Amino acid sequence: VRDDDDGDMESILILPGLSSPAVYGSPSVSLYPDSYTLSWTAESKTEITSFRVLYRLKTKDAKWSELKISPRQSSIDPQGGGTWEGSALLSQLRSASQYEAKVMPENFFGLSQPEKAFHFGTKGAGQF
């Protein structure tokens, strides 16, 4: 609440627009030698319209591969927004190799940046 120039009181509501960073729910190592299912959730006060997924082999000069995934709303917040979830089957991966991924939720206000990359491996890569 603040006093405007005319001496009237007015209320200002400030809502953060971008969604929260994605929270990963996948195990660190795949059951398969050449594929991995990455799953995550994200919270937002407005509808998440898509998830942008980047992933690459964990080496210095590896290039990022990119996917665009449609979200599914998994819960509704009575005060607005809710939780959205997504998953992506990453295929044609190298056996016993380490990878990194980033998931960026997108809503009306823009693309949320990940706090850090998620690390995973294909079967035989060992734990992180």
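Among the listed residues THR122, THR46, THR41, which satisfies the condition of being in contact with a Leu (Cβ under 6 Å, 6 or more places away or on another chain) and β-branched (Val, Ile, Thr)?
One residue alone meets the criteria, THR122.
Only residues that are under 20 Å from GLN92 (Cα atoms), assigned to a loop (DSSP other than H, G, I, E, B) and of a type outside the set (Asp, Glu): list them for the stretch 50-79, please.
LYS58, THR59, LYS60, ALA62, LYS63, TRP64
Among the numbered criteria (1) open to solvent by less than 50 Å² (accessible area, probe 1.4 Å); (2) of a type in the set (Val, Ile, Thr); (3) closer than 21 Å to LYS116 by Cβ, which single criterion is violated by VAL23?
Of the numbered conditions (1) open to solvent by less than 50 Å² (accessible area, probe 1.4 Å); (2) of a type in the set (Val, Ile, Thr); (3) closer than 21 Å to LYS116 by Cβ, the odd one out for VAL23 is (1).
Matching residues to (1) open to solvent by 30 Å² or more (accessible area, probe 1.4 Å); (2) closer than 18 Å to SER26 by Cα:
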site	(1), (2)
ILE48	no, no
LYS58	yes, yes
TRP64	yes, no
LEU67	yes, yes
ARG72	yes, yes
ASP77	yes, no
GLY81	no, no
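Out of (1) in contact with a Gly (Cβ under 8 Å, 6 or more places away or on another chain); (2) assigned to a loop (DSSP other than H, G, I, E, B), the odd one out for VAL103 is which?
Result: VAL103 passes all but (2).
The values are calculated or read from the model by the stated rules, or taken from the named source; none is laboratory data. Quick caveat, the model's predicted, so the values are computed rather than measured. Cβ sites come from the backbone with ideal geometry, for glycine too, and all protein chains shown count toward neighbours. The accessibility values were calculated without ligands, DNA or RNA, using every heavy atom of the protein model including side chains. Shrake-Rupley method; radii C 1.70, N 1.55, O 1.52, S 1.80 Å.
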